[in-house]
Structure formats: C-alpha cells, structure tokens
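This report refers to the structure that appears directly beneath it.
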Amino acid sequence: MDALPIKIRSLTKTYGSIYALKSVDLNINSGEFLTLLGPSGSGKTTLLMAVAGFSRPDAGSVLFGEKEMVLSPPHKRDVGMVFQNYALFPHMTVAENIAFPLKLRKIKPKEQADQVNAALATVQLTDYSKRKIDQLSGGQRQRVALARAFVFKPRILLMDEPLAALDKKLREQMQIELKQLHRQLGVTTVYVTHDQREALTMSDRVAVINEGEIIQIGTPEQIYSNPKNSFVADFIGESTILPLTPNNRGDLCYSDSILYSAKPEFNNKNWALVIRPERLFPISNSENPKTSITFEGKIMEFVFQGESTLGIIQLPNSDQLTIRISPTIAASFTDFKTGQTIMVGLNHNDKILIPAN
Amino acid sequence: MRQNLFARINNCSLLKTFGVLFGVLFCTSSISVAAPVTVVSWGGSYGKAQDAALFKDASKNSGIEINRESGASMTKTCLQVESKNVTWDLVVTGSGGAANAAAKGCLEKIDYNVVDVSDFFPNLYTDYCVGSDVFATVMSWNTEKYGEPGSPSAPKSWADFWDVKKFPGTRAYRANNVDGALEPALMADGVPPEKVYEVLSTEEGIKRAVNKIRELKPHISVFWKSGAMQAQLMKDAEVDMTTGWNGRFDNAKKDGAKVGYTFNQALLDYDCFAIPKGAPNKDMAMKFLAEVSKPEYQANLPFHITYGPTNKKAYELTTAPKKLIEALPSHPKNVPLMLPVSLDFYAKHRTKALELYMEMLSE
Amino acid sequence: MRKKQNSIPTLNHDSLQQEKRKEQLFSLGLSIPALISIVLIIVIPIGWLFSLSFVNSNGDFSLENYQKMIEYKSYARVFYTTFEVSVLTTALCVFIGYPLAYFLSQTPEKYAGFFLLAVLLPFWTSLLVRTYAWLVLLQRKGLINNFAIDLGIWDTPIKLVHNLNGTLIGMVHIMLPYLILPLYGAMRRIDKNGIYAAANLGATPAQSFWLIFFPLSLPGVVAGTLIVFILCLGFYVTPAVLGGGHVIMVSTHITAILENQFNWGAASALGVVLLVTTFIILIVLTKLLKLNNILFGKA
C-alpha cells in the first residue's frame, strides 16, 4: 500500500479565549513515524483529532497527499486510529472487532476472514479470534485495537497514547513491536505521547508541542542533543541548565571559565548552558583533566539506580549539577561519598547552548 | 427496655404470624389508644353533614369525647379484627357491608338496652348495626339533555334508562361492586319491583339481570366507583345518565350541575353505625351510639345532606322546610315508590352475583 | 503433589487461623441485619400470601380460590388485560423514551441536568393528581375535546378516556421516567471513543448508531423495560381512574374481591398467580434473550 504524506497549514483551534492550536504548520512525510510530544494540555491530542476529523478547527488546512480533508467527516477520511483506552466494541468478539471496518467497506466475507486472520497473525493473537473483549488483558486489547486500525490498509495511522494504560515492562515491549509493525506496514504514522522516552525510542521524527505550538521538530538525536530552548531541553531527557554571563569581550562564561567565544548573535540576549547528566564524567585527583570544562563541588547525594548511579553536586555558587555515571565507573571512584568534594568534566562537543528564559 | 419490649410482644398474638417487626409496629399503635371514642366515617359532604348534625352536639351533650377519623370501610374493620389490633370504636357502613362483616364475625352485637330504637322505622336496624340515615340508589340524568324531573320528556323508569333509542346518550353504572346493580336491570326487563328479589334468588335470575346489563354495556361509557365520582360525572357532563345515591346529586346540583333524579323504582337503603368486635372503648361507643340515634340530632341532618332520618320522631322534631323534608328518601310520600334493598339476598348471593357481574364487566 | 500441610510451618499457625475464622464470622455478622429484614419484609409476607391463598371463605384449607379462576372467564380476561396494558405501556415507553434518553445523553452534562429535572418533575406531584389531571384533559367535555371542537379539528367529542387509550396515555406518562433513568445512565456510560472509533473505521453516523450505540444501550433498555413492565403489572390507580371501569387489571379485581367479600384467600390467590406468572415470564425472557449477558456483561 502507498503511504500518504500529510500537510498541515495554519491549523488553528480555540476554546473560548484559549488557543488549543496556534496556526500549526507541519509536514509529515510519506511512510514516516512522527511523534507529537508534549505535556498534557499542550494541544497534541487536539492536533491528532483534527487530523482524524473529530475536532473541527477554526481555520487551516489538512492535506492527505494533495487532497484537502479539513471539511471531510471522520468516516470519509480513511485513516486508521488507535485510541488511548482502545475503544474496542465490547459487544463483539475479537474477530468481529477487526472485521468491522472490512464489513463497512463491503468486502466479501471470505476475504474478510482472510484479512482478519492475517491481521491477527501480525499482532500474534491468532488463537483469540473468538474471545470477547472483556476476556483479554490490557496488552491483548492493545493488539486488537492495532489490528483493527490497520486491517483495512489505511494509508495513514494515528495513535493517541496507545500504550499509556500498560505497565512499564509491557509498554517497552510494545514500543519495539509497534516500531517493527510500522516498518512492516510502511504506513504514515502520527503518534501522540507525553512520554519523551517513548518518543525517542519509536520515532523517525519528533515534534515537540507546547501551548498549541510546535516548538521544535527533528530526529530524536537532533531534539535530544540540540534542544532549541529550555522547554525542550527540560522536557526531553534529564538536564541541568546553568545561566551564562557575558564578559567584557562578549564571550559567554560560567563562573570564570569562558565557554563560548564572542559571536555577534550573543549580543542583547541571555544564554544558558544545558548539560546532560550522562555526559559529565568524574575526574580523580591524580588525573589530568582531558577537558577544559570542569566543575568542582560538594556531593549532596549519590543514589544507586541499577543501570546507573545518579549524583547531585552543589557548586560553590550553590547551583546544582546532576550527574549520571555507570556503576562500574562509580565503583572505581571510592571517594564518592556525601559531603566530599569532587571534580567533574564535560567535553566541548557535549555542551549545549540555548537562549535563557 | 428489654422487659418493656417483651411485655409488648406478649400482648400481641399477631407476632405468631407476622414476626417481630410487624408485631412491634402494630402493638405500638394499639398501646397508644386513649379514652376518646374513635368514630370513623366517610369523607366529603357525607362526613361533614354527620359532624354538623350528629357528632358535635352529641359529644357535647353526653360528655363523651370523640376522635374523628375518615376512611371508614368494613374491609379495614375486618382486617383490624382479624389481626386483633382494633383501633376503631364506631364505624359508618352501608347496610350490606354491615351484614357482610357481621357474617364474618367482625362486629359486636348491639346492646338494645342501651340504644333506644323504639321510634325507628322497621328494618333500619339489625343485631349488629343501627341505621344512621336512609338514602336511595336512583337514576339521575342531565336535565339539559332529557328535561327536568317530572316533565313529560324526562325518563321515569329503569326501562327508560335502558332505552337508548328514546333517550340516546351515554350511561354510567356501578364498577367492581354488585350492590344495587342487579335490581334496576330486572325492573328494566319487566320484573315488577315486588318480584325482583324472588327472581334474584336463583342463579338464572342473577344471570338474567347481568345479561340485561350486558345488553346496555356498549352504551355505558364509564363505570363509577364512588359517590364522589357519580357527582363528578354529572358535573362534567361526562355521561348523560347514571345510577347513584340521591344525596350526591342534590349536592352536585347545589354546585351548579344540571342534574335531576327520580325516586320512582329507586332502591331504598340505609347507612348505619357498627362497632368492631373487640373495639377498645366498646361500652363508651355503645353509649355514644345511643346518643346520636336520638331524634333531636337526626332532625338536623336534612339541613346538611338529603338523606332521611331513621328515627320517625325526627320528622316530628325537625324545623326543616316542607319542601326539603318531602325530598328525603325516607319520607312517607317517597317510600312507596321505592324497592327496599334486601339484606337477605346479599347475605346469601353476593359472592355468586359479584362473580357473574365481574364476568360481564371484564368482557 | 506435595501435601500442603507438611510445608506450612507451625509458628503462630493456629492463632492466625483462628483470627481468620473470627474475621469471617464478623463479616457474616454484618450481613445479618440485611438477612433479617429480607426475611421479614419479603419472605414472610410472600409465604403468608401463598398460605392464605389456600384458605377458603370459611377458613378451611381448599383449592376453591384457584378453581374459581378456572371456572370464571373473568379471571383469565383480567390477566390478559393486565399483560396487554403492561406490554403496550412498556412498548410505548420504549418508543418515546429511547429518543428522549438519547437526546439527554448527547446533551452536554450541565444542560442534561436541567432536562433530566424536567423528566423527573412529575415525580414530585402525587400520582393521583397527575392521573386526575389527565382526566380533566381527556374527558368528553375536557380541554382537548373542547379545544379541538372549537378549532374545528373534529365535530363530536372523541372518546379519549375511560377506555384503553386513556389508560395507556396516563400509564406511559407515569412510567416514562422509570424507563428514561436507567436508559440514560446506560447511554452515558457508553464510551464516546467507541463511537469515534466506529466513525474512524468508516461508519456513517447512522451505522455508528445502529451497529455500536444501539447494541451498547440495550442493557439500559432491558433494565428500564423490566422495571416499567413489572411496575405496570401491579398498577392500580391510573387504570382505575382513566380506564372508566373498562380496563380491569388484576389489582382492580383484588380490590373488588376485598371490598365486596372480605375474602383474603381469593385475593391472595390472584396475587399468587400474578407473582408466579411474572416470575415465569421473567425466567423465560432471561433464557430467550440471555438477559444475564446483557445485564451483567458476561459471555
């Protein structure tokens, strides 16, 4: 099946005096897995609902391929959708649920059965076709909802926080499965979540949304390593944000060390440094620092978290720094004890500059 | 508390059948019965008339305190007696209902050493009840439609009630109760009044009467259930002709209804007072009954409702105008026109008659 | 298989078991007041009703009361009328109530409250008043006939009351809230996303309604229907007033027997037959419609 690109132009939706969507422009490539990521109330679900046709925008355009869809009712949009609570039909069996879109499209019963079986095989529920919905576990319901959404070969698939109700382990497993399924189906997928990890795990591109606007869009790596502002930096991954001050030559400095040499665009604006905790590394007393960016401070807390160890360091100016290191490294630094002074370093490649609030 | 409850339970044999909860509920109410005699009558204009003419003055003059309640019914009386939880002392009832209840053993015998009935019309008292007033089951009609009583065009007999060609229009008849329902049908069928109960004494006779009503049924648009409903049907002109109790129609006329009736071939009947078996204030009730049965109280009744006194002397004592007195069912001028209701027939045949009547009604 | 007893250590075992039994006894004890009230309020009176129905007017044990019901056709007719009125009332309630409940369930909750109040308002007026109000409207010289004749819609009064029609009008009016309330509740509980999902999968609004909304609202329909139907079976006032003596239901017949004969036995027998027939109908319906599934959502 051919995937369809989606083009969204100036899409605007208001509730009273509040903007749910503020003139959103977004291009989703054909076959792409794009995630709309944002906190609750950011407008990500409204945007998805506008694409599905359930929410009528005040203005704007939604193109599927070349076709204007903004005026079409939902049942004419031919997009698959997975709802947050699955929205399965409790009065039908698994097979009947999945056959529902096929029945509406007047596909012959024999073909219906074949396609339902194929879909069931894809989501690994072959033996469950006769079950009622209330006899299924959360993960199984999720798969049925998925099968129902793609069985009629839509060219666009929408998912509204489909994994939110599952427990962590199952959620992570389903994330991988969904990604595989997407690769297999090749369908243009718009995925809504508030879980940044999920977004990073699954997406080709992530669009970060806040207050009805798309703040930043890019591959997970781009978003992670080059957040555009403090909101993105804060929302995606862990981060420490330190304010930078210009010296008399216009260089950006933290404490006394120069981090960025003067550039014209630094003028008349405040800047901040974003540090990802895992990019910091401890430097032992004996060792010669391999980087010029070092911080020295007092260990406030050191917490063993299994796959990593988390530390909070208080700098002399009472700013706090978060550091995450692997347990092996933590073990080799025997002096990691609360109250002790420690020096940590950051490579120049890992420093991130953002405009300060 | 425990002892108290135990004492109540012991007092109440109902417990054995009903269980603790019901027992306590019923017993509590029976304990609270105090000295006044509980007198129970019907609502509406009837009860008000009795209050004004009989109860108030009799209570004042005799010094017997009374407690007036409404909703008198022999069914409820029997329920009280059977559940051994009697709260009523003196109850108003129709003559037939009293006979029925007496047969069930629900009533006390009247002590005629206390109640003086020497001046009563004959047949207006029995071993178990004392007549309070005389009324008639008459046919009444819309005077705009069929003319004033006595005018040449007005209906005169039950045959006219049945004659829907001469008197086209709708009829109303008694619902779910056979009392006074069969006699008019037989008279309409040509049976002379004095032979009515003779014919009715056989099942064929009852069937003949029921069949006659069956014949009229397509024209009976409403079956009435109460005196209030008889009056309302005529006031609203919902039907053109109905059976019913004379006093209700007089009161409806006072309220502006276009209604008239005739005593011709009417059924002469009486209401009476009865004392439930095991009444808490049986002796005082008997004394109060003796008081209200005196002619001086009954003499006032016609001012409030056109039901006649049962005590002959009341006719001598009353100060009511002649026209009013002559309109009373028990007036000597009217009595010969009517058929006195036979309690004997109802005692023997009511069950059978009701079954056959309900059979016709349910068709 | 290993025996369980052997593997359980004995430390505090006995006292823990004792504690468990105590707890079970205590929770059982909590239900005793409820059990007692059920026995007092339901079991004893119904048992009494049954036993009374085998007592004839002389106070002896007999089947007379039941034989009479076979002997006279009026009893069969009364039962037929009772079920006829109940079925028709219920059906009319569903026809009128379903669209109303649907409208309510689709109205935003803050306005739905207001409309629901309008549905419930009649509950605040006495049954008798509402019934007589219909009489005033429907009778021969009532408001409707007078109005229609004045406007020339019809020439002679139409018989709107004192018959089955009038009874049904009054009964439907009184029963409607009993249907709408459970139905409205069931409709509100239907997942809106399910309707969205249907539309998303290609269902037109009509298809969404008939394939998804309607089947999911059936538990509410069944609950409301049962409530209305069962209430109708024992109804007295409205058929007595608006039926004009032409609509004789079981309750009317029971009253007639009591008023005229004080015959508790005969009246009880009618009550017993009504109870048993209703029970049988319910059981048959349960089997036929698999009501359990609809009502309790089991497979």
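Values in this text are rule-based calculations from the coordinates and carry no lab data. Only a predicted model underlies this, so the values are computations on that prediction, with no experimental measurement involved. Here the Cβ positions follow ideal geometry from the backbone for every residue, glycine too, while neighbour counts run over all protein chains shown.
If I take all pairs of Cα atoms in the range B:146-192, what percentage of them are more than 15 Å from each other? List each step's numbers first, then the result.
On the way: 560 of 1081 pairs.
Above the 15 Å cut-off, the range B:146-192 has 52 percent of its Cα pairs.
How many times 2.2 N^0.38 Å is the alpha carbon radius of gyration of the range A:226-269?
Ratio of Cα Rg to 2.2 N^0.38 Å: 1.30.
At a Förster distance of 51 Å, what's the computed FRET efficiency of A:E287 paired with A:D195, Cβ-Cβ distance as r, to 0.05?
Working: r = 38 Å, r/R0 = 0.75.
Calculated transfer efficiency: 0.85.
Can you list which of the DSSP-assigned H helices in chain A have a Cα extent of 30 Å or more along the long axis and an average Kyte-Doolittle score of at least 0.5?
None pass (Cα extent of 30 Å or more, hydropathy at least 0.5).
Based on DSSP H runs of at least 4 residues, each adding -39500 (n - 2.57), what is the mean residue ellipticity at 222 nm of chain B after dividing by all its residues, to the nearest 500 deg cm²/dmol?
-12000 deg cm²/dmol
Among A:P282, A:Q184, A:T93, flag the residue with its Cα farthest along the positive direction of the charge dipole of chain A, charges on Cβ as +1 for Lys/Arg and -1 for Asp/Glu.
Toward the positive end, the furthest listed residue is A:T93.
What are the ³J(HN,Hα) couplings of the range A:289-299, residue after residue, when phi is run through the Karplus curve with 6.51, -1.76, 1.60 and θ = phi - 60°? Round to Hz, x for glycine and proline.
Going residue by residue, I get x, 8, 10, 8, 9, 9, 10, 10, x, 9, 6 Hz, with x marking Gly and Pro.
Note down the nm distance, to one decimal, between modelled labels 7 Å out along Cα→Cβ at B:R68 and at B:N211.
Simple spin-label model gives 4.9 nm for this pair.
Between C:S27, C:Y111, C:F50, whose Cα lies farthest towards the positive end of the dipole of the range C:24-163 when Lys and Arg beta carbons carry +1 and Asp and Glu beta carbons carry -1, centred on the Cα centre?
C:Y111
If I fit a long axis through the Cα atoms of helix B:2-11 and take the longest principal axis of the Cα atoms of chain B, what angle between them do I get, 0 to 90°, rounded to 10?
40 degrees
Roughly speaking, what % of Cα-Cα pairs in the protein assembly as shown are separated by over 46 Å, rounded to a whole number?
Pairs farther apart than 46 Å: 56 percent.
Order by neighbour count: B:D344, A:D234, B:D189, fewest other Cβ atoms within 10 Å first, most last. It would help to have the intermediate numbers written out before the result.
Details: B:D344 11, A:D234 14, B:D189 18.
By the 10 Å Cβ count, ascending, the order reads B:D344, A:D234, B:D189.
Could you size up the charge dipole of the range A:6-234 around its Cα centre, putting +1 on the beta carbon of Lys and Arg and -1 on that of Asp and Glu, and report it in debye to the nearest 20?
Approximately 800 debye in magnitude.
Per residue of chain A, what 222 nm ellipticity follows from adding -39500 (n - 2.57) for every DSSP H run with n ≥ 4, rounded to the nearest 500? Before the final figure, lay out the partial values.
Details: 9 runs with 90 residues, N = 357.
Only helices count here, giving -7500 deg cm²/dmol.
Could you size up the charge dipole of the protein assembly as shown around its Cα centre, putting +1 on the beta carbon of Lys and Arg and -1 on that of Asp and Glu, and report it in debye to the nearest 20? Don't jump to the answer; show the numbers that get you there.
Values: 101 positive and 88 negative charges, 349 e Å.
The calculation lands at about 1680 debye.
Write down, largest first, the equivalent ellipsoid semi-axes of the range C:155-202 in whole Å, where each equals the square root of 5 times an eigenvalue of the alpha-carbon gyration tensor.
Working: eigenvalues 333, 45, 7 Å².
Semi-axis lengths for the range C:155-202 are 41, 15, 6 Å.
Mind giving me the FRET efficiency for A:K76 and C:S31? R0 is 41 Å, r the Cβ-Cβ distance, nearest 0.05 is fine.
After rounding to 0.05, the efficiency reads 0.15.
About its Cα centre, how strong a charge dipole does chain C have in debye, to the nearest 20, once Lys and Arg get +1 and Asp and Glu get -1 at the Cβ?
Numbers: 20 positive and 12 negative charges, 197 e Å.
Once rounded to the nearest 20, the dipole reads 940 debye.
Using +1 at the C-beta of Lys and Arg and -1 at the C-beta of Asp and Glu, which of C:G265, C:S217, C:I36 has the Cα lying farthest in the positive direction of the dipole of chain C?
C:S217
Over 22 Å between Cα atoms: which of B:K76/B:K254; A:K269/A:K290; B:K156/B:K313; A:K7/A:K44; B:K225/B:K253 fall into that group?
B:K76/B:K254; A:K269/A:K290; B:K156/B:K313
Between helix B:203-216 and chain B, what is the angle of the helix's C-alpha long axis to the longest principal axis, kept within 0 to 90° and rounded to the nearest 10?
Rounded to the nearest ten degrees, it is 60.
Can you tell me the FRET efficiency between A:E172 and C:V87 if r is taken as the Cβ-Cβ distance and R0 is 45 Å, rounded to the nearest 0.05?
0.20
In square nanometres, what is the average projected area of the Cα convex hull of the range A:6-234?
For the range A:6-234, the mean projected area of the Cα convex hull comes to 12.7 nm².
Would you give the gap between the C-alpha center of the range C:163-222 and the C-alpha center of the range A:212-275, rounded to a whole Å?
Taking the Cα centre of each part, the range C:163-222 and the range A:212-275 sit 57 Å apart.
Of chain A, which part is the longest with no GluC sites (Glu not before Pro) in a loop (DSSP not H, G, I, E, B) and with at most 11 other C-beta atoms within 10 angstrom?
A:67-286
Under a no-solvent Debye model with one identical scatterer per Cα of the range A:264-307, what's log10 I(q)/I(0) at q = 0.30 Å⁻¹?
-1.27
If you take all C-alpha pairs in chain C, what percent of them are over 31 Å apart?
More than 31 Å apart: 52 percent of the Cα pairs in chain C.
Calculate the all-directions average of the projected area of the range A:11-59's alpha-carbon convex hull, and give it in nm².
On the way: hull surface 14.9 nm².
Mean projected area of the Cα convex hull: 3.7 nm².
Starting with the fewest neighbours, write out A:T45, A:T126 ranked by other beta-carbon atoms found within 10 Å of each beta-carbon.
So the residues, fewest neighbours to most, are A:T126, A:T45.
Spin-label point model (7 Å from Cα, Cβ direction): what's the A:D134 to A:R9 distance in nm?
Here the answer is 4.9 nm between the modelled labels.
In whole Å and largest first, what semi-axes does the C-alpha gyration tensor of chain B yield when each eigenvalue is scaled by 5 and square-rooted?
Numbers: eigenvalues 280, 125, 67 Å².
With the √(5λ) rule applied to chain B, the semi-axes are 37, 25, 18 Å.
Mind running the shape call on the range A:278-349? Use the C-alpha gyration tensor, a ≥ b ≥ c as the square roots of the eigenvalues: rounded below 1.5 for a/c, prolate if a/b tops b/c, oblate otherwise.
Since a/c stays below 1.5, the shape of the range A:278-349 is classed as rounded.
Which one, C:S57, C:S126, C:S74, has the greatest fluctuation when you compute a Gaussian network model over chain C with C-alpha springs under 10 angstrom?
Between C:S57, C:S126, C:S74, it is C:S126 that shows the largest mean-square fluctuation.
What is the ratio of the Cα radius of gyration of the range A:311-357 to 2.2 N^0.38 Å, where N is its residue count, to two decimals?
1.37
Tell me the mean residue ellipticity at 222 nm calculated for chain C from its helices only (DSSP H runs of n ≥ 4, each -39500 (n - 2.57), averaged over every residue, nearest 500). Kindly include the intermediate steps, with their values, before the conclusion.
Working: 16 runs with 218 residues, N = 299.
One gets -23500 deg cm²/dmol as the mean residue ellipticity at 222 nm.
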